Amino acid sequence: FEVRHSVFILGPSGSGKSTVWRVLQEAQTKSGKKTLHEIINPKSQDTNELYGYIHPVLGWKDGVFSCVMRNFAQLENEAWKWIVLDGEVDPDWIESLNTVMDDNKMLTLASNERVPLNPTMRLLIEVGNLRNASPATVSRGGVLMLNEKDLGWRPFVDSWVDRRFELTNDTHEMKVLEQLFREYVEISLEYIRRNLKPITNVMEINMVMTTCFLLEGLLRKDGKREDTSKETIENYFVFACIWGLGSAFSVDKGVDNRKMFSDWWKLTWQKIKLGDDDVYDYQIDPATNTFVPWVNSVELYQHDPDLAFHHLIVPTTDTVRLLRIIDLLASTGHHVQLCGVAGTAKTTVAHQYTKSLSEEWSSCTLYLNSRTEGLSLIHISEPTRILSISYA
């Protein structure tokens, strides 16, 4: 930003792009250089909504970007002002910024208005790649490239453990968790990286975050438990790792990645006894602090003759464990995504969980596709407090 007024931050999701510029902003603010920012997702609206257009009846309609840039340009102070564009590069919107990114530093609108990029303003474009950007666009800005391992997962784990310590004030638990993350996670990620393929693109940081979120649900009442030994915490940690690291595996082109992960886990970590079945078939019994089969928790089916046939649901091992995993994540305020092909009961499981919620929750089902516009989603979801469970 000292030599360029426009900068691209490149990197995959979870590589720390947002964290980098937020840390810089906070550092500048604390050092006396107040820094303001506005975040815009350029892909959440079309080009007219982004830059503005002339309506045939109503006349000029301002756009999101033009409004933000004009407001910043009219602020007569010495504070730094950053406009952050967080979204994939598309020629439809990025080419219109060429005059802003070059030495002209001027946004020309369809109404012939010219909005300047004053000396205290900077343009920050946060993207995954520049495949759709022309050489002329790329040459106008500085480029900062981040890969997945530059930041890694350790800073997130360290901050999560620190927050956990502030909540429980349990030094023993903190030391045990730090040791378990060092012992289990890196070796498991290395095996997954080399041998397995998830059903959807899952970053390593996302796997570790899911593990931490599951631990939040499993350990949230640890302060009330009498047994906080290393063995107890390790059992919960193993359960969280199995589902945090291995939940996105399935059969792909004849290769059973789920079975491979299960066999490798039992062979590598033999001190935790699970049983002869897959690692996914066991849960922790809080009373005995041991792993027991999920099948023990399946309730006997009670037929209701008044229900229509398509409303009948027979409890199975799969539904019981999926509902349990969803509850561990959702009850601690985290989102849930169910992935699978058509007919794998994603909708059924989601509806079962929403029906089991307390009265303080309400839910609604939104049917989305590639043609759903952001404005339509806003109009549908605004009146209702929604528990976010997506499935695709």
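Please treat every number below as a calculation from the coordinates, not as lab data. Keep in mind that what you see is a predicted model, and the values were worked out from it rather than measured. Backbone-built Cβ (ideal geometry, glycine too); neighbour counts: all protein chains shown.
Overview of results
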{"quantity": "Cut-off under 5 Å, modelled amide H: who pairs with residue 250 long-range", "calculated": "199, 257, 258"}
{"quantity": "Rg to Rh quotient for the chain, alpha carbon positions, Kirkwood Rh", "calculated": "1.02"}
{"quantity": "Helix axis angle, 171-195 relative to the chain longest principal axis, alpha carbon, degrees", "calculated": "80"}
{"quantity": "Table column - 3J(HN,Hα) (Hz), segment 56-71, Karplus curve with 6.51, -1.76, 1.60, x for Gly and Pro", "calculated": "x, 10, 8, x, 5, 10, 5, x, 5, 5, 4, 5, 5, 5, 5, 4"}
{"quantity": "Orientation-averaged projected area, Cα convex hull of segment 1-124 (nm²)", "calculated": "8.2"}
{"quantity": "Placed amide H near residue 282: partners under 5 Å, 5+ positions off or other chain", "calculated": "294"}
{"quantity": "Mean ellipticity per residue at 222 nm, deg cm²/dmol - from DSSP H runs of n ≥ 4 across the chain, formula -39500 (n - 2.57)", "calculated": "-12500 deg cm²/dmol"}
{"quantity": "Residue 149-residue 79 pseudo-label distance in nm [points 7 Å out on the Cα-to-Cβ vector]", "calculated": "4.1"}
{"quantity": "Surface/4 estimate of mean projected area, convex hull on alpha-carbon atoms of segment 87-137, nm²", "calculated": "4.0"}
{"quantity": "Set of aspartates and glutamates with alpha-carbon distance to residue 17 below 17 Å, sequence-local pairs under 8 removed", "calculated": "26, 38, 86, 88, 126, 148, 150, 204"}
{"quantity": "Bins of 5 Å from zero: percent of alpha-carbon pairs in segment 33-188", "calculated": "2, 7, 14, 15, 14, 10, 8, 8, 7, 7, 5, 2, 1, 0"}
{"quantity": "Proximal aspartates and glutamates to residue 259, defined as alpha-carbon separation beneath 19 angstrom and excluding residues fewer than eight positions away on the same chain", "calculated": "190, 276, 277, 278, 281, 318"}
{"quantity": "Projected label distance in nm at residue 98 and residue 314, using a 7 Å step from Cα toward the beta-carbon", "calculated": "6.4"}
{"quantity": "Rg to Rh, two decimals, where segment 250-392 supplies the alpha carbon set and Rh follows Kirkwood", "calculated": "1.01"}
{"quantity": "Over segment 231-330: Kirkwood hydrodynamic radius from C-alpha pairwise inverse distances, Å", "calculated": "15.3"}
{"quantity": "Acute angle (nearest 10 degrees) that the helix 154-168 long axis makes with the longest principal axis of the chain, alpha-carbon atoms", "calculated": "70"}
{"quantity": "Residue with peak Gaussian network fluctuation, the chain [Cα springs, cutoff 10 Å], from 287, 133, 330", "calculated": "287"}
